[in-house]
1. Go through region 118-137 and give me each residue that's part of a loop (DSSP other than H, G, I, E, B) and over 14 Å from L72 (Cβ atoms).
2. Identify, by number, the condition in (1) within 23 Å of the chain's Cα centre (by Cα); (2) modelled with pLDDT of 90 or more; (3) among the charged types (D, E, K, R) that R318 doesn't meet.
3. Just wondering, is there one or more residues in region 75-89 that are among the small types (G, A, S), assigned to a helix (DSSP H, G or I) and more than 17 Å from the chain's Cα centre (by Cα)?
4. Test S258 against the stated conditions and say whether it is at pLDDT 90 or above and closer than 23 Å to L361 by Cβ.
5. Looking at the structure I just gave you, is K100 part of a helix (DSSP H, G or I) and under 25 Å from M190 (Cβ atoms)?
6. Take the conditions surrounded by fewer than 23 Cβ atoms within 10 Å (Cβ to Cβ), of a type in the set (K, R) and free of Cβ contacts under 8 Å to residues at least 60 places away in the same chain and apply them to K281. Does it pass?
7. Examine region 83-99 for a residue that is in contact with a Pro (Cβ under 6 Å, 6 or more places away or on another chain), under 15 Å from A141 (Cβ atoms) and small (G, A, S), and state whether such a residue exists.
8. Restricting to region 195-230, count the residues that are under 22 Å from the mean Cα position of the chain (by Cα) and of a type in the set (V, I, T).
Amino acid sequence: MFNAIANFFRRGDDRPLISSDENVVKKEFKKHRWSVFWSITLGYAFFYVCRLNFSVVKKPLLNDGILNAQQLGDMGALFFITYAVGKFVNSFIADRVNNKRFLSMGLFLSALVTFAMGFTKEFIVLFALWGLNGWFQSYGAGPCIVSLNQWFSGKERGTYYGVWFTSHNIGAAITYMVTAALVMKYSWQMGFIVPGAICLVASGFMYYFMYDRPQACGLPTPEEYDGLKIQPANTDKNVNKAQWGVIKKPVVWILGLSSACCYVTRYAIESWGVVFLTEAKAYSTMDAAFLLSVMQGAGIVGALLCGLISDKFFHHRRNIPALIFGILFALSTAAIVWTGPGMKMLDYGAMAVYGFTMGALVCYLGGLMAVDLCPKNATGAAMGMIGMFSYIGAALQERVSGYFINAHKIVVDGKTIYDFSAASDFWVGAAVLSCVLALLVWNAKPDDGACVGEECDFTK
């Protein structure tokens, strides 16, 4: 059984070039590369369909008395714990397997679990299934990044990374609107069943259009395709030393803590946004979902422009724009959660600023700043460390937010009313603390061999 699974996911062997005709090879490489790129971009968007649908379903689960806020918070915390551990483990695995199969299987299993959640009301079953979904969701990011590295050279990888990075915003924006419509028209069960069914189909399309690495398809490496000089591989000894150096590096820990605080606020809005807006600001479920979709749309713009802004206006340095965006992030969060109902124009403006800055900060604090400061041969370790911190922060947020919301509820005339004052203070405080921690690494210098600014272009 184990051997059969291992063989299924085994990376394909190198094949001879499919043709001696250079034009034929280039044509096939381009076709395969674009197919891979759109598969991972659209595929990762569907991963979020099976992740953020829960944010919309929380409201009817509360209203129907199926689960309380503490139980919802516990489910969210378990999801992010399994996701954090899984992201670290599965990103390492992704370097060694056929990502066409690994990625599509992850989406398939996540969709299957999501689909099953629509057929139970038992907390312990929902709790276990959502935690399992966190593990399967962790199959997504690592294989996507590895596939980008396998099919795109260093001179263009950054551009395509920026486009790919918007996929989670696209998936989230669609999910809020579609799930809200399903829940309002039918039932909360449809908020699990339909997204799960859609993603089951999407996993089949991903498997069909995705490809293993170029060499396994009888194609050249992206460096060979682009006519670039191929650098010799790092030895295991050097890589191990560099990775251990990253683990011991104080600046990585500080950035990790800053990112963790940022993720507290990020997932507070993404996870509890519908509940907060409907309970505290009297939005309908559909209007709340639309407002969160606006946030995700602004996040796409922020993610696409953050690299251009730091490169063009700040000489490839991320610290200054990260601080500016961090301050605006904290202010916009406060404007969203500390103002009362009936201020829709302010809500829309603040949510747009929040989304834009969040999209940029997730790029900066979520790994890019750490990668800039660490050796090139340890970028995976840097991303893994930051990712672990980030989603531990997200898990903490779910547990603490659920506790605060549940502890401050009151019952008036048989109706449960939720007080978000303590939770909102926690969310704003985390955003402010993220800025303070980022200030501690203001003058941090890169290690020898780190990839900063124009030095990242190894063709020079």
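The values are calculated or read from the model by the stated rules, or taken from the named source; none is laboratory data. Small disclaimer: the values here were computed from a predicted structure and weren't measured. In this analysis, Cβ positions are derived from the backbone assuming ideal geometry, glycine residues included, and neighbour counts consider all displayed protein chains.
1. Once the filter is applied, which keeps residues that are part of a loop (DSSP other than H, G, I, E, B) and over 14 Å from L72 (Cβ atoms), region 118-137 yields G118, F119, T120, E122.
2. (2)
3. No; the residues of region 75-89 include none that is among the small types (G, A, S), assigned to a helix (DSSP H, G or I) and more than 17 Å from the chain's Cα centre (by Cα).
4. yes
5. Taking the combined requirement at face value, the residue does not satisfy it.
6. Taking the combined requirement at face value, the residue does not satisfy it.
7. Looking through region 83-99, at least one residue is in contact with a Pro (Cβ under 6 Å, 6 or more places away or on another chain), under 15 Å from A141 (Cβ atoms) and small (G, A, S).
8. Matching residues across region 195-230 total 2.
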